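First up is the structure itself, then whatever we jot down about it.
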Amino acid sequence: MSPVTSAPHGAVTVITVDNPPVNALSQAVREGIASAVAIAEADDTCEAIIITCAGRTFIAGADIKEFGKPPLEPYLPDLVSQVETCETPVIAAIHGTALGGGFELAMGCHYRIAAKNAAVGLPEVNLGLLPGASGTQRLPRLTGAAKALDVILSGRPVNASAALEYSAIDKVSESGDLVADALTFAKECIALGPRRIRELAVPEVDPALFDETRKKIAPRTRGLISPEKIVQAVEWSTRASFDEGCAKERELFLECMASSQSAGLRHAFFAERAVGKVPGVDRNTPVRELNSVAIIGAGTMGAGIAYNCLTSGMAVTLLDNSDDGLERGANTIRGLYAGGVERGKISEDDMQAGLGRFETSQNYANISGVDIVIEAVFENMAVKKDVFAALDKVLKPGAVLATNTSTLNIDEIASATRRPEDVIGLHFFSPAHIMRLLEIVRGKDTSKEIIATSLTLAKRLRKVGVVVGNCFGFVGNRMLYSYGRENQFLLLEGAAPEYIDKTLYDWGMAMGPNVMGDLAGLDVGHKVRRERTDLPDDPRFYRVADMLAEMGRYGQKTGKGTYRYEDGSRKPVPDAEVGALIAAESERLGVQRREISGDEIIERCIYGLVVEGARILEDGIVTRSGDIDVVWTNGYGFPRHRGGPMHYADTTGLDKIYEKVCEFEARFGSMYWEPPVLLKELAESGRKFSDLA
Ligand code: T1G
């Protein structure tokens, strides 16, 4: 049964695509449209053709699931040309989001009408690609090269009113009945006849635009290959014929499609959509309604979480036992709102409405009726258990009890209540209102209803919610220990902090481990390590960080950490004093210092992540390896174009990783580098972590 149907409406043929969930341009859809258009074009009674879609959106692009497989006819560029060469006017009627190949097909049509709340865009850059079906040649002919560059390089959709302003569409459907308005619009189009974008010229543009654009985007496109190719393709649209431009676009597109970067970004796309699929939890699992929340603890995390909840429309009570703390927290929230209004991200009305839903309290009795509590107090088990015991006494039945702990045992916290089935970990990342990741930590008694409710809350808070099991540090921080450990050892063995950081930064990490340590505060890790009883019996283990913390060098917040920071500056400055301290400590510990290569730094830090990731899979802490990748690309600055640690390992080859891990075990000992059985088995059987899902 073809996902494409046609129906006559008087002298107009309406072609409808129905390929849920997002009408992607699969082979069947392309074939269906091609034959429906050919039939309508050959029909003498047909004076216009409308292409529209059923379901929640117009075509949201090529079918990404077909990428990497042998391409099947009809090819999208050919379909777009077929539509454009029609003598019968073709109109695209757009609702939801016309994206990528979907928007390119719409630009192959002679006219475009869109619903008021529709949007159009070319987001291929988010997949390490560029539009590959004439989008880089057609959009500049409609909007001019500068606007086209903005739209294609940002990858963000443009809403209907802006698209009309940029001439990317011709009409906005006002009545709310898109097809009816398109049928009315068709009369105008029949009178005007086909208007082919390929015949339009790109408006004159200063050739300097392209180098200026390259300079402007350089900081945020570091290490990525497709943005430069987008600039090249749009530049071609201004100085070559339409067909020459399309040929160049195709060449650049195929280079991107074959790249490991695009494979990494496509993996990240699907991995982020898979995290919501948790065994035993589905659309029939009941979800509790969450309209009111109390945040316990008005520190930086508490205030950030409160703001995130307020901007998602919830009623928020911030509770703290210190007056000053509450005042500071409330001021932080008011400041975040004011900043949002100033930057035009939030309207004045939204701010007033949000602050109208916000209150503070020092009394647990005042929060007895809330739907959910998120505790964000001091990272200490005894303190957290006291809080949960108090909450258990006052909260209504059915309330969700969540903790923002970043390392502690959820089951032990839950044991302070009589309702462990309602207890869950919601681990936010700093700054809580910005970082997209939310680790949803299930305890042994946490009910499926609470897990489903937390996944729904994550979506509402515009977070990527990843459900993980309960162990020390869950997924992110547990793996960070291995990554950080190798950094610490490399410092003692002779690699300078700035060398390690630059090596990993150039490799793609958002920042190096030593800059990250100084940002988070060396005192935080030091305190957590001091409370742990299961650390390896190794005097070198995190010795440098502990030494600096003991000296009060906490990092940015004290102006000195592994680096020095000039007054008010966040710029890390290498500090010779630290170099000398580390060298002396190496000598004291009997660690031989030596020249260390960049490759060794990357292999020890990144393979350390992979080994711990494999242990996490062995322990069943996650459902699939892609979940680990989503945690690290959304919470720890792992380069998205490398897909995540486990995807990177799969593409590098587990046999190569296993071999290197065995070498490290021989050099540095089994305590840290004993190869996980899972890694050994997969390496020897030629399989991947992603084969396990
Ligand atoms: N192909 C295949 N599957 C897709 C898809 C696509 N283009 N887009 C979404 N899905 C699946 C997704 O995996 C999920 O599946 C379900 O649809 C719902 O998605 C030649 C080469 C449209 C804004 O980059 O941005 O065209 O998990 O959870 O939050 O130039 O999906 O349910 O099994 O994200 O409402 C360009 C990608 C492709 C758009 C909807 N297009 N999609 O968001 O739902 S490249 C894109 C999105 C291209 C041409 C080039 C979003 C959305 P499942 P969802 P949502």
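Of Thr45, Thr16, which residue is of a type in the set (Ser, Thr, Tyr) and closer than 30 Å to Asn126 by Cβ?
Within the list Thr45, Thr16, the selection yields Thr16.
What's the number of the only condition in (1) more than 19 Å from Val441 (Cα to Cα); (2) out of contact with any helix residue (DSSP H, G or I) (no Cβ under 7 Å at 6 or more places or on another chain); (3) of a type in the set (Val, Ile, Thr) that Ile372 fails to meet?
It is condition (1) that Ile372 fails.
Please indicate, with yes or no, whether at least one residue in segment 224-246 is away from the ligand (no atom under 16 Å from the Cβ), at pLDDT 95 or above, out of contact with any strand residue (DSSP E or B) (no Cβ under 6 Å at 6 or more places or on another chain) and of a type in the set (Val, Ile, Thr).
yes
Being surrounded by fewer than 17 Cβ atoms within 10 Å (Cβ to Cβ) and not hydroxyl-bearing (Ser, Thr, Tyr) is the filter here; which residues of segment 75-92 pass it?
Asp78, Glu87
Criterion first (modelled with pLDDT under 95, more than 29 Å from Arg222 (Cα to Cα) and away from the ligand (no atom under 16 Å from the Cβ)) does Ser161 satisfy it?
Spelling it out, it is not the case that Ser161 is modelled with pLDDT under 95, more than 29 Å from Arg222 (Cα to Cα) and away from the ligand (no atom under 16 Å from the Cβ).
Is it fair to say Glu486 is in contact with a Ser or Thr (Cβ under 8 Å, 6 or more places away or on another chain), closer than 30 Å to Tyr565 by Cα and not aliphatic (A, V, I, L, M)?
no
Starting from segment 267-296, take each residue that is in contact (Cβ under 8 Å) with a residue 24 or more places away in the chain and list its partners that are among the basic types (Lys, Arg) and within 16 Å of the ligand (Cβ to nearest atom), counting only C-beta distances under 7 angstrom and pairs at least six apart or across chains.
Going by the 7 Å Cβ cut-off, the qualifying pairs are Ala268/Arg640; Ala274/Arg624.
Quick one: which strands (runs of 3 or more DSSP E) sit completely within segment 77-143 and have at least 2 residues that are closer than 18 Å to Ala62 by Cβ?
90-94, 97-99, 119-121
Would you tally the residues in segment 42-92 being in contact with a Phe, Trp or Tyr (Cβ under 7 Å, 6 or more places away or on another chain) and among the small types (Gly, Ala, Ser)?
0
Filter segment 167-193 down to residues that are part of a loop (DSSP other than H, G, I, E, B) and surrounded by 18 or more Cβ atoms within 10 Å (Cβ to Cβ), then give me how many there are.
3
Filtering segment 189-239 down to residues that are of a type in the set (D, E, K, R) and more than 29 Å from the chain's Cα centre (by Cα), which residue is nearest to Gly135 (Cα to Cα)?
Arg198
Would you point out which residue out of Val573, Val631 is surrounded by 15 or more Cβ atoms within 10 Å (Cβ to Cβ) and of a type outside the set (Gly, Ala, Ser)?
Unique residue meeting the criteria: Val631.
For segment 140-160, what are the residues that are in contact (Cβ under 8 Å) with a residue 40 or more places away in the chain and either within 21 Å of Pro227 (Cα to Cα) or of a type outside the set (A, V, I, L, M) (or both)?
Pro140, Arg141, Leu142, Gly144, Ala145, Ala146, Ala148, Leu149, Ile152, Leu153, Pro157, Asn159
Within segment 37-70, restricting attention to residues that are farther than 23 Å from Arg156 by Cα and buried (at least 22 other Cβ atoms within 10 Å of the Cβ), which residue is nearest to the ligand (Cβ to nearest atom)?
Ile51
Do you know which residues across segment 72-86 are within 11 Å of Arg198 (Cβ to Cβ) and touching a Pro at 6+ places or on another chain (Cβ under 9 Å)?
Glu84, Thr85
What is the residue count in segment 404-423 for residues that are more than 14 Å from Gly469 (Cα to Cα) and among the polar types (S, T, N, Q)?
Residues meeting the conditions: 3.
Which residues, counting only those in segment 103-140, are over 19 Å from the mean Cα position of the chain (by Cα), within 16 Å of the ligand (Cβ to nearest atom) and surrounded by fewer than 24 Cβ atoms within 10 Å (Cβ to Cβ)?
Scanning segment 103-140 gives Ala115, Asn117, Ala119.
The values are calculated or read from the model by the stated rules, or taken from the named source; none is laboratory data. Since the structure is predicted, the reported quantities are computational estimates derived from the model, not experimental observations. Cβ sites come from the backbone with ideal geometry, for glycine too, and all protein chains shown count toward neighbours.
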